[in-house]
Structures are given as C-alpha cells and as structure tokens.
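Student: The structure is given below, and queries will be raised subsequently.
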Amino acid sequence: MNGKRSRAEWLRRYASFVVILFIIAFGTSLSIRANLGSSPISAPPYILSLIPGMNLTMGQLTICMHVFFITLQLLLLRKNFEARQYTQILVSFLFGFYTDLTMWMTGFLQIPFDLNPLIGYPLRFIELLIGGAVLAFGIACEVRCDSLMLAGEGLPLAISKFLKKDFGKVKICSDTSLVLIGTIFMFIYFGRWSWEMVGVGTLVSMFYVGFMVRVFAPHIGWLDRIFIPRAERQAAAAAGADQWSGNRIVTIARTYGSGGNAVGEAVARHLGCPCYNRQIIDQTAREMGYSTEFVAENEQNLSSGRLWEMIFTDSGIPASMNPSKEDAIYVSQSRTIRELAHKSPCVIIGRLANWILRDDPHVLRVFVTSSRDYAVRQIAEKLHLSTDEAARKVDRVNTGRANHCRHYTGKSWTDITGYDLVINTERTGIDGAVDMILRAAREVK
C-alpha cells in the first residue's frame with residue numbers, strides 16, 4: 001500500500017469503497033431492468049439466475065463467479081499475488097449482497113418486453129443509458145478511491161501481468177469471453193436466443209460505460225475531500241505553497257515541423273541553462289528498464305485507434321495498479337520533469353511539461369506552431385521526403401501528440417488557455433520566436 005497515506009486516510013478510502021460498491025451494483029441492476037441484456041461481467045450469473053428452479057440468487061452466483069476469478073488469479077500469479085488482494089474475497093461477498101439488494105430495489109422498474117415497441121424501446125434505452133451512467137460514475141469513483149477492486153477487474157489484471165499483455169486488450173477479451181459464456185448458458189438452458197438476456201444493452205454496456213467513465217473522471221476531484229482528512233489536506237496545501245524551487249522554467253509544446261526543437265535549444269543557450277528533450281527519453285528508459293527506442297515509440301504517440309480503445313475500455317482498476325505501458329511512461333516522465341524543474345532553471349520541450357508543471361508560478365508555457373504547409377515543407381527538406389510522405393508524417397505525429405494530451409489531461413493540445421505564449425514560426429521565424437520567448441521569460445519571477 002501507499003506508505004504516504006495515513007491510517008485515517010486508508011480507513012476513509014475503505015469506508016468510501018463500501019458506498020462506491022453499492023453505486024456500481026445499483027447501476028448494474030438498473031441496466032438489467034431495461035430488459036435489453038446485462039452488462040458483460042454480469043451476463044453469466046444473470047442468465048443462470050433466470051433458470052427455472054435455480055436455488056441461487058444472482059448475487060450468490062456473482063459471489064461464486066468472483067471467488068472463481070480470485071482462484072484463477074492465485075494460480076496465475078502464485079507468489080506474486082499481493083496479500084492485500086485477498087480483500088477481493090470480502091469485496092465479492094459484499095458486492096453479491098448489494099447485487100441482490102439492488103435487484104430487489106429496482107424490481108418495479110423492470111420494463112416488460114411485450115410493451116408497445118413505440119413506447120417500450122425508448123424507455124428501455126433511456127433506462128439503459130441512465131443505468132450505464134450510474135455504473136460508470138461508480139467505476140470512476142472506484143478508480144479515484146484507489147484502494148480495493150472487484151475480482152472482475154482483478155482477473156484481467158492478473159492475466160495481463162502473466163501474459164505481459166496490455167490490460168486494455170485483455171479486458172476487452174475478458175468481457176467478450178463472459179458474454180460468450182453467458183450466451184452458451186442461454187442456449188443450454190433456454191434453447192434459444194433471448195434479447196432480454198444478451199442483447200443490445202450488452203453491446204452498449206461494453207463501450208458506453210467505458211466512455212462515460214472518461215467523462216466523469218475529470219470532474220470528481222472533490223472526492224479527495226472525503227478520502228483525505230481535513231487536517232492532512234490543509235498540511236498538504238501549506239506544503240504545496242513552498243514546493244516549487246523558484247527556478248525559472250520554460251516549457252515548449254510544438255506542432256511537428258514548426259521548429260519548436262530549434263527554438264527551445266536556442267532559448268536555453270541564451271538563458272545559459274540546460275534544454276531537456278531527448279534526455280527525458282533516456283532517463284525514462286534507464287528508470288523503467290526499457291530501450292530508448294521503445295520509449296521513443298510509445299511516448300506522446302497515441303494512435304487514434306489506441307486512444308479510442310483506451311477511452312471505451314471499462315477499466316475499473318485503481319490508478320496505482322494500472323500496468324499500461326503508456327501510463328507507466330507518462331508517470332515516469334512526469335516524475336523526471338518535476339525533478340528537473342526543482343534542480344535548476346531549464347527549458348523542457350514537449351511531454352506535457354506545461355500541464356505537469358501547471359501549478360508552478362515560475363513556469364513560462366509556450367506553444368510553437370505553424371501552418372501545415374510550412375511544416376510539410378520543412379520536414380520534406382530536412383528528412384529528404386516527398387511532399388506526400390512529409391504530409392503523412394506531419395499528420396501522424398501531430399495526431400499522436402494531440403491524442404496523448406487528450407488522454408492524460410482531458411484537454412485539447414491546441415487549447416491556448418494551457419499556454420502563456422503562442423507563436424507562429426512561419427510568421428516570426430526561429431530567431432523572432434526566440435526573441436519573443438526571452439522577453440516573456442524576463443517577466444517570469
């Protein structure tokens with residue numbers, strides 16, 4: 001566990017998790033009542049609970065499934081299974097109880113499948129979307145709570161560690177497998193396809209919930225007031241006022257081909273301070289045991305397909321346990337950037353340094369850009385590429401940087417509110433851009 005958290009904070013987080021778990025169960029049950037199919041992870045226990053003569057409730061079947069998941073984690077991880085993950089057993093029993101409770105509470109909201117389609121289907125979709133939103137809110141709170149997790153997330157996390165595969169891809173495969181297992185149960189025990197068991201709602205839940213988690217996540221910072229005791233928050237705030245070293249830092253975000261690297265290096269020479277760009281890649285590689293090529297390929301380089309995969313993946317694991325290589329690189333680089341800012345005055349190019357150091361009053365945040373045509377000409381000349389090849393490279397790199405920014409900050413890379421100075425090098429030239437930054441840097445105290 002995080003040693004920086006006090007006993008009082010851990011108790012608050014555990015108590016909050018008990019409430020959050022109820023929210024997750026309520027959202028799951030409300031989605032089921034829409035009669036369009038259950039969420040993927042609920043499909044097997046829900047379908048089995050509908051078998052005539054079944055003596056176990058959906059909650060009890062959910063407990064059995066989760067205990068099975070925990071057993072698989074033990075078999076996969078063995079000695080690497082963390083002791084605190086045994087709490088998943090208690091969590092499973094509590095979640096099973098909440099499942100039965102919320103299924104009872106939402107019983108009157110069950111929408112009959114034989115209702116007039118003109119009325120029934122709109123009502124079902126509304127209830128499905130509301131239930132999915134409640135579930136997503138609960139998952140976002142679970143991630144923010146960063147204490148415990150359900151076995152439904154623990155198993156794909158264990159599989160991703162065992163196979164050394166990306167968690168997001170494993171989670172998608174896990175959800176798909178659970179739907180497939182539920183479908184097999186449906187045909188075995190009911191002999192037909194039933195849209196009430198596996199239907200449109202199941203498909204919507206696979207993607208809609210993950211998307212809504214991303215919508216809620218940036219807006220629940222207020223939960224820290226519940227998780228962290230007031231005295232500790234006040235002490236942290238007082239320490240935060242003095243946490244910055246007072247070093248003058250210039251951060252330079254730049255569109256590809258605009259000359260931002262050259263601008264940053266020239267500014268550093270004039271200020272007589274270090275310029276950090278490629279060095280951050282080298283430092284990250286050393287700390288993480290990756291090759292510099294691997295870090296260079298995976299930092300600031302989220303393809304649109306990978307971004308959408310991360311957005312729609314219903315990831316309910318706490319942030320401290322996330323094994324994503326992109327997240328690990330971002331965390332490592334963030335730590336390095338803060339250390340560099342404390343060490344001495346410097347210029348830092350790219351890597352969301354403007355966002356990472358956003359609370360430091362001694363930072364000048366610059367965005368260097370140009371028109372696409374200008375950038376294409378510069379890249380074509382510099383790398384000896386055809387115009388078409390250069391254009392594709394410019395678009396690919398800029399898309400990767402924009403996606404990287406969107407994923408980790410929730411903001412647009414080109415949003416000028418994130419910068420103190422925006423410069424178009426096509427208009428000013430490299431020297432003109434350097435002069436503007438130097439004049440602005442003198443005003444930074």
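Student: How many residues are in contact (Cβ under 8 Å) with a residue 60 or more places away in the chain and not in a helix (DSSP H, G or I) when one looks only at the range 32-85?
Tutor: 10
Student: Assuming Thr183 fulfils every condition listed in (1) polar (S, T, N, Q); (2) closer than 18 Å to Leu36 by Cβ; (3) touching a helix residue (DSSP H, G or I) at 6+ places or on another chain (Cβ under 7 Å) apart from one, which condition is it?
Tutor: Of everything listed in (1) polar (S, T, N, Q); (2) closer than 18 Å to Leu36 by Cβ; (3) touching a helix residue (DSSP H, G or I) at 6+ places or on another chain (Cβ under 7 Å), Thr183 misses just condition (3).
Student: If you don't mind, there's one more thing I want to ask. Residue check: is Tyr189 more than 18 Å from the chain's Cα centre (by Cα) and either over 30 Å from Pro117 (Cα atoms) or in contact (Cβ under 8 Å) with a residue 40 or more places away in the chain (or both)?
Tutor: When the stated conditions are applied, Tyr189 passes them.
Student: Mind checking which residues of the range 164-186 are of a type outside the set (Asp, Glu) and within 21 Å of the chain's Cα centre (by Cα)? Give the derivation first.
Tutor: Within the range 164-186, the subset of a type outside the set (Asp, Glu) is 164-165, 167-174, 176-186.
Once the filter is applied, which keeps residues that are of a type outside the set (Asp, Glu) and within 21 Å of the chain's Cα centre (by Cα), the range 164-186 yields Lys164, Lys165, Phe167, Gly168, Lys169, Val170, Lys171, Ile172, Cys173, Ser174, Thr176.
Student: Scanning the range 46-86 for residues that are of a type in the set (Val, Ile, Thr) and closer than 26 Å to Leu30 by Cβ, which turns out surrounded by the most Cβ atoms within 10 Å (Cβ to Cβ)?
Tutor: Thr62
Student: What are the residues in the range 345-359 that are more than 13 Å from Tyr419 (Cα to Cα) and either modelled with pLDDT under 90 or among the hydrophobic types (A, V, I, L, M, F, W, C) (or both), if any?
Tutor: Matches in the range 345-359: Cys346, Val347, Ile348, Ile349, Arg351.
Student: Mind listing whichever residues of the range 408-438 are within 18 Å of Arg214 (Cβ to Cβ) and open to solvent by 30 Å² or more (accessible area, probe 1.4 Å)?
Tutor: Within the range 408-438, Tyr408, Gly410, Lys411, Ser412, Asp415 qualify.
Student: Also, I was wondering about something else. Please enumerate the residues belonging to the range 1-50 that are among the β-branched types (Val, Ile, Thr) and under 15 Å from Trp195 (Cα atoms).
Tutor: The answer is Ile32, Ile47.
Student: In the range 161-188, what residues are over 19 Å from Ser42 (Cβ atoms), surrounded by fewer than 20 Cβ atoms within 10 Å (Cβ to Cβ) and not aromatic (Phe, Trp, Tyr)?
Tutor: If the condition is that a residue be over 19 Å from Ser42 (Cβ atoms), surrounded by fewer than 20 Cβ atoms within 10 Å (Cβ to Cβ) and not aromatic (Phe, Trp, Tyr), then Lys161, Leu163, Lys164, Lys165, Asp166, Lys169 are the ones that fit.
Student: Whether any residue in the range 2-11 is crowded, with 22+ Cβ neighbours inside 10 Å and touching a helix residue (DSSP H, G or I) at 6+ places or on another chain (Cβ under 8 Å) is what I want to check. I'd like the intermediate steps shown before the answer.
Tutor: Step one: list which residues in the range 2-11 are crowded, with 22+ Cβ neighbours inside 10 Å, which gives none.
No, because not a single residue in the range 2-11 is crowded, with 22+ Cβ neighbours inside 10 Å and touching a helix residue (DSSP H, G or I) at 6+ places or on another chain (Cβ under 8 Å).
Student: Hey, among Asn403, Asn398, Asn354, which residue is over 18 Å from Ala266 (Cβ atoms), touching a strand residue (DSSP E or B) at 6+ places or on another chain (Cβ under 7 Å), surrounded by 15 or more Cβ atoms within 10 Å (Cβ to Cβ) and touching a residue at least 60 places away in the same chain (Cβ under 8 Å)?
Tutor: Among Asn403, Asn398, Asn354, only Asn354 is over 18 Å from Ala266 (Cβ atoms), touching a strand residue (DSSP E or B) at 6+ places or on another chain (Cβ under 7 Å), surrounded by 15 or more Cβ atoms within 10 Å (Cβ to Cβ) and touching a residue at least 60 places away in the same chain (Cβ under 8 Å).
Student: Which one of Arg392, Arg351 is in contact with an Asp or Glu (Cβ under 8 Å, 6 or more places away or on another chain) and basic (Lys, Arg)?
Tutor: On the way: Arg392 fails: in contact with an Asp or Glu (Cβ under 8 Å, 6 or more places away or on another chain).
Selected residue: Arg351, the only one of Arg392, Arg351 that is in contact with an Asp or Glu (Cβ under 8 Å, 6 or more places away or on another chain) and basic (Lys, Arg).
Student: Would you mind telling me which numbered condition in (1) among the hydroxyl-bearing types (Ser, Thr, Tyr); (2) surrounded by 14 or more Cβ atoms within 10 Å (Cβ to Cβ); (3) out of contact with any Ser or Thr (no Cβ under 7 Å at 6 or more places or on another chain) Thr387 fails?
Tutor: (2)
The values are calculated or read from the model by the stated rules, or taken from the named source; none is laboratory data. Since we're looking at a predicted model, the values are computed, not measured. In this analysis, Cβ positions are derived from the backbone assuming ideal geometry, glycine residues included, and neighbour counts consider all displayed protein chains. The accessibility values were calculated without ligands, DNA or RNA, using every heavy atom of the protein model including side chains. Shrake-Rupley method; radii C 1.70, N 1.55, O 1.52, S 1.80 Å.
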